[in-house]
1. (1) in contact (Cβ under 8 Å) with a residue 12 or more places away in the chain; (2) small (Gly, Ala, Ser); (3) exposed (fewer than 11 other Cβ atoms within 10 Å of the Cβ): which one isn't true of ALA78, the others all being true?
2. Suppose we filter segment 8-51 for residues that are surrounded by 11 or more Cβ atoms within 10 Å (Cβ to Cβ) and either among the β-branched types (Val, Ile, Thr) or touching a Pro at 6+ places or on another chain (Cβ under 9 Å) (or both); how many remain?
Amino acid sequence: MGMAAVTLVFVGLFLLPRFLRCGIYTIPEFLEYCYNTASRTIMAVFIMIMYVAVALASILYSGAIGLKTIFGMDLTLAVWMIAIIAGAYTVYGGLKAVVWTDTFSGCRIVDWWGHRDGPWLPSCWRRGCFL
C-alpha cells in the first residue's frame, strides 16, 4: 500500500473524529482553534486569492481557447463572455444551480465514457469523427 493510502486511513480513523468533535471542518477553522482568529483570516484570504488567481484564470482561459478554436472568437471577448454568463447563472440560480449543473455534467461524462459506442450516438460520432 502506498504512503498516501496509509496516511488517509490514519487521518480517517484517528484525526478526523477528533476534528469533528471539536467542530473543525476546514483548515482555517483548525488554524483558529490552534492559534487565533487572525491566522484564520489570513489563511482564508490567501486561499481565496490563490483560487481566483489560479483556478478561475485557468478555467476561463481554457474555455476561451475552446470557443476560439470552434467559433474563431476573439480570446478576450470569449473570456469575458464566459465570465459574465457563469456569473449571471451563479447569481441567479445560486449554489444549488451550480451543484446540479456539475452533477448533471459529471453523470453525462461517466455515461458517455461507459457507452461510447452505443447506438444512441449520432452516426458521425459512431464513425469516429468526434471521438
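1. (3)
2. Total meeting the criteria: 13.
The numbers here are math on the coordinates, done by the rules we state, and not lab data. No experiment lies behind these values; they were computed from the predicted model shown. For neighbour counting, all protein chains shown are included, and Cβ atoms are generated from backbone atoms with ideal geometry for every residue, glycine included.
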